[in-house]
Amino acid sequence: MASTNFFESWENGTVIPRESAARSLITAVFTAAQYRPHGIAVIDRDGARRTTYAELRRRSLRWAGRLVAEGVVAGTPVGLSAERDLSAAVGFL
């Protein structure tokens, strides 16, 4: 793969291995949370609800902590059933 940047690869139509894409998306969101914590990360379908990068990071870490408390370890596939709303973005991370 010519580029390891997730967004450049997406724009160029490059197929990204699932593990690499997941790591790159998480890295992109967490980096944005560090440098632009108040930037808007997700807007729901009707535009009524918005989540900042910092809030998305906080919520995803909280959810990850709950999974670890239930015995889930890194690399374990976890199913996700969610409405197409902000909670789905948390679950993807």
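The values are calculated or read from the model by the stated rules, or taken from the named source; none is laboratory data. Keep in mind it's a predicted model, so treat the numbers as computed, not measured. Cβ sites come from the backbone with ideal geometry, for glycine too, and all protein chains shown count toward neighbours. Surface areas here come from the heavy atoms of the whole protein model, side chains and all, with no ligands, DNA or RNA. Shrake-Rupley method; radii C 1.70, N 1.55, O 1.52, S 1.80 Å.
Quick look at the numbers
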quantity: Inter-probe distance in nm under a simple model that places probes 7 Å from Cα toward Cβ, at Ala28 and Asp85; calculated: 2.5 nm
quantity: Fully extended contour minus Cα-Cα distance, from Ala64 to Arg36, at 0.36 nm per residue; calculated: 7.9 nm
quantity: Counted charge near Ala82, where neighbours are those whose Cβ lies closer than 13 Å (Asp, Glu -1; Lys, Arg +1); calculated: -1
quantity: Carbon and sulfur %, accessible surface of segment 28-93 computed with the full protein complex present, 1.4 Å; calculated: 53 percent
